[in-house]
Amino acid sequence: MPEKKIDSGGKKQAPSKKGVPDTRNLLKVSQVARATGVSTSAINYYVRIGLLPPPVKTHRNMAYYHPSYVQMINYIKRLQLQKHLPLERIKEIMAAKMEIWKEMDRRVYAEGKTRPGELGRESKTELREKLMEAGVRLFSRQGYHSTTENDIVRLANVSMSEFYEIYSSKEDLLVDLAEEGVRLFRARVAKEIASVHDMLERIKIAIPVAFQLIVENREIYTLYLEGSVKGDLPFERKLSQMTVTIAEDLRATIARGVRDGTIRKVNPNIAANAIIGQLIRLANYWMEDPIKHNIDEITRESIEFVTRALKPD
């Protein structure tokens with residue numbers, strides 16, 4: 001009787017049949033279709049014409065797909081719907097991406113790293129953290145437009161297939177970085193104002209936190225404001241939604257301050273959007289010439305502006 005293997009969780013595993021691939025970490029075509037919103041017939045067509053690499057065949061009518069196919073198909077949809085590219089042009093782009101992917105896989109595996117799906121591989125959380133760190137360093141050092149996905153996976157020391165497990169493109173990485181910035185801002189502010197009951201004081205505390213994060217992540221903030229993909233409306237909407245999230249936090253704080261008397265009677269929606277707009281303009285003013293325009297002075301003037309605007313009569 002063949003010896004059973006023990007996995008990292010201590011559970012016994014039945015040995016794989018000789019010559020049959022391990023499909024535990026792979027997806028059926030129906031699962032890929034549900035995840036992407038693309039029909040199974042379209043996925044099979046993409047494989048036939050070479051838009052996608054061949055899946056793992058276990059039987060004549062059964063195939064399994066690596067999770068990275070979800071990101072690849074989403075990328076194809078992006079090129080079709082947002083860039084309006086024909087399939088032949090998309091095929092060229094995907095062929096180049098797959099060559100980079102294969103080369104990066106060969107390089108990483110040659111250095112002794114486990115293959116996707118094998119025991120000991122890094123978790124998605126760890127992969128995401130490594131890719132985000134590499135993205136921030138590269139975007140800040142050489143600029144977003146000059147950074148390629150190949151640059152990112154090399155610095156993060158991961159394979160291209162692992163990159164596609166987390167992101168469908170560097171645009172998605174940029175959005176994740178911007179969203180992480182918003183989460184970090186809200187977490188820092190929440191910690192600073194935990195024991196502060198005056199709503200105006202809470203807003204005054206949040207302003208220097210916002211400017212400090214902008215200083216720490218200048219390149220990301222620049223892209224966030226400009227919209228790194230010209231004409232890519234869904235991408236720009238994602239970035240704009242982050243401003244809406246912060247504006248909603250501010251609106252709720254102002255509304256509460258109006259009710260308890262720590263802020264004068266104003267329309268919370270108008271006041272929140274006016275303040276956010278002014279702070280964005282001042283952030284842009286600083287970024288036009290960070291040496292000439294002193295961020296500390298800008299922060300002080302911003303706090304004074306908000307105080308005059310919201311202080312009770």
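The values are calculated or read from the model by the stated rules, or taken from the named source; none is laboratory data. Note that the structure is predicted; figures quoted are calculated from it, not measured. Cβ placement follows ideal geometry from the backbone for every residue including glycine, while neighbour counts extend to all protein chains displayed.
A search for C-beta distances below 6 Å between a residue of segment 177-198 that is in contact (Cβ under 8 Å) with a residue 12 or more places away in the chain and surrounded by 15 or more Cβ atoms within 10 Å (Cβ to Cβ) and any residue that is among the basic types (K, R) and part of a helix (DSSP H, G or I), counting only pairs 6+ apart in sequence or on different chains, returns I193/R202. Just one of (1) of a type outside the set (D, E); (2) within 14 Å of the chain's Cα centre (by Cα); (3) assigned to a loop (DSSP other than H, G, I, E, B); (4) modelled with pLDDT of 85 or more fails for L127. It is (3). Per the conditions (1) of a type outside the set (A, V, I, L, M, F, W, C); (2) at pLDDT 70 or above; (3) buried (at least 18 other Cβ atoms within 10 Å of the Cβ); (4) over 30 Å from R218 (Cα atoms), the sole criterion not satisfied by Y75 is (4). Does any residue of segment 282-300 turn out to be at pLDDT 90 or above and touching a Pro at 6+ places or on another chain (Cβ under 7 Å)? For segment 282-300, residues at pLDDT 90 or above and touching a Pro at 6+ places or on another chain (Cβ under 7 Å): present.
Evaluate segment 206-213: report whether one residue or more is polar (S, T, N, Q) and either more than 19 Å from L279 (Cα to Cα) or within 18 Å of the chain's Cα centre (by Cα) (or both). Within segment 206-213, none of the residues are polar (S, T, N, Q) and either more than 19 Å from L279 (Cα to Cα) or within 18 Å of the chain's Cα centre (by Cα) (or both). Pairs linking a residue in segment 286-313 that is more than 14 Å from Q212 (Cα to Cα) to a residue that is surrounded by 11 or more Cβ atoms within 10 Å (Cβ to Cβ) and of a type in the set (S, T, N, Q), with Cβ atoms under 8 Å and 6 or more positions apart or on different chains, are F305/Q278; P312/T262. Look at (1) under 20 Å from S30 (Cβ atoms); (2) under 23 Å from the mean Cα position of the chain (by Cα); (3) at pLDDT below 80 and you find that R60 fails only one, number (2). Taken as a whole, segment 223-236 holds no residue that is at pLDDT 90 or above and among the acidic types (D, E). For segment 264-273, the criterion of being closer than 15 Å to I214 by Cβ and free of Cβ contacts under 8 Å to residues at least 40 places away in the same chain is satisfied by no residue at all.
For segment 24-67, the tally of residues that are surrounded by 14 or more Cβ atoms within 10 Å (Cβ to Cβ), touching a Lys or Arg at 6+ places or on another chain (Cβ under 8 Å) and part of a loop (DSSP other than H, G, I, E, B) stands at 2. All of (1) touching a helix residue (DSSP H, G or I) at 6+ places or on another chain (Cβ under 8 Å); (2) surrounded by fewer than 20 Cβ atoms within 10 Å (Cβ to Cβ); (3) modelled with pLDDT of 95 or more hold for N267 with one exception: (1).
Screening D105 with (1) modelled with pLDDT of 85 or more; (2) in a helix (DSSP H, G or I) gives one miss only, at (1).
Against the condition assigned by TED's automatic domain parsing to the domain that holds L26 and at pLDDT 85 or above, how does L155 come out, does it pass? Criteria met by L155.
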